[in-house]
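Since the structure comes first, as structure tokens, the remarks are kept for the end.
The values are calculated or read from the model by the stated rules, or taken from the named source; none is laboratory data. No experiment lies behind these values; they were computed from the predicted model shown. Positions of Cβ are generated from backbone atoms using ideal geometry, with glycine treated the same way; all protein chains shown enter the neighbour counts.
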Amino acid sequence: AQRVTQPEKLLSVFKGAPVELKCNYSYSGSPELFWYVQYSRQRLQLLLRHISRESIKGFTADLNKGETSFHLKKPFAQEEDSAMYYCALSGLGNEKLTFGTGTRLTIIP
Amino acid sequence: GAVVSQHPSRVICKSGTSVKIECRSLDFQATTMFWYRQFPKQSLMLMATSNEGSKATYEQGVEKDKFLINHASLTLSTLTVTSAHPEDSSFYICSAKEGEDGYTFGSGTRLTVV
């Protein structure tokens, strides 16, 4: 079974401070991990995926198979980062995407 | 990038009627599309996987006779909520995967059954 856990429902961070949104997963095979973001009144959009190893909007996430984690990080938060963030997982050869419960990030000016 | 169009964005219907929601891939072909349901302040729950030219695969606990899925072409999947009841009121979202580019989501449909 696939499972994604985001322990924080809400997270408030001051502008300019570092941000870390936690994500842990459970999957017996080789996982593919994603972070999706949903800004106010907009559709869900891909922020980054672990296989591309990109940094998008200053965010990075490293897959740690030992700790089964895929935490999202940004060194300096910006006000426009306020949004809902979802961690998601799919398995190799399995296109089903399983979402975590999401973390609402609020950046305090 | 890949775009998925979902219509309508909002619909209000009377209890007992049926509602159809369309999901189109605008600039790519999608053999597989996915339908999610999202309750207020909760995560997206996968309802079913829509497969072009074959029957949809439903997740456990999802009534296939209530949520009819049709994927008749490579660019269109439809979800019909049959005999809708107030408890079916929710936010429904479709998505499709384009090659290796990951999943693209529609803008969602807010269904209110009165």
Only listed residue being modelled with pLDDT of 95 or more, of a type in the set (Phe, Trp, Tyr) and out of contact with any strand residue (DSSP E or B) (no Cβ under 8 Å at 6 or more places or on another chain), chosen from A:14, A:76
A:76
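Mind checking whether some residue in segment B:25-43 is in a strand (DSSP E or B), more than 14 Å from the chain's Cα centre (by Cα) and at pLDDT 95 or above? Give the derivation first.
Filtering segment B:25-43 for residues in a strand (DSSP E or B) gives B:25, B:32-38.
Still in the running and more than 14 Å from the chain's Cα centre (by Cα): none.
No, there is no match, as no residue in segment B:25-43 is in a strand (DSSP E or B), more than 14 Å from the chain's Cα centre (by Cα) and at pLDDT 95 or above.
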How about segment A:1-47: which strands (runs of 3 or more DSSP E) wholly inside it have at least 2 residues that are closer than 30 Å to residue B:7 by Cβ?
A:31-38
Of all residues in segment A:49-107, count the ones that are within 14 Å of residue A:8 (Cβ to Cβ), more than 14 Å from every other protein chain (Cβ to nearest Cβ) and basic (Lys, Arg).
1
Would you confirm whether any residue within segment B:51-62 is surrounded by 15 or more Cβ atoms within 10 Å (Cβ to Cβ), part of a strand (DSSP E or B) and either touching a helix residue (DSSP H, G or I) at 6+ places or on another chain (Cβ under 9 Å) or in contact (Cβ under 8 Å) with a residue 60 or more places away in the chain (or both)?
no
Inspect all residues belonging to segment A:35-50 and state whether any of them is of a type in the set (Ser, Thr, Tyr), at pLDDT below 95 and over 15 Å from the mean Cα position of the chain (by Cα).
yes
Going by the structure shown, is residue B:41 facing another protein chain (nearest Cβ under 10 Å) and out of contact with any strand residue (DSSP E or B) (no Cβ under 7 Å at 6 or more places or on another chain)?
yes
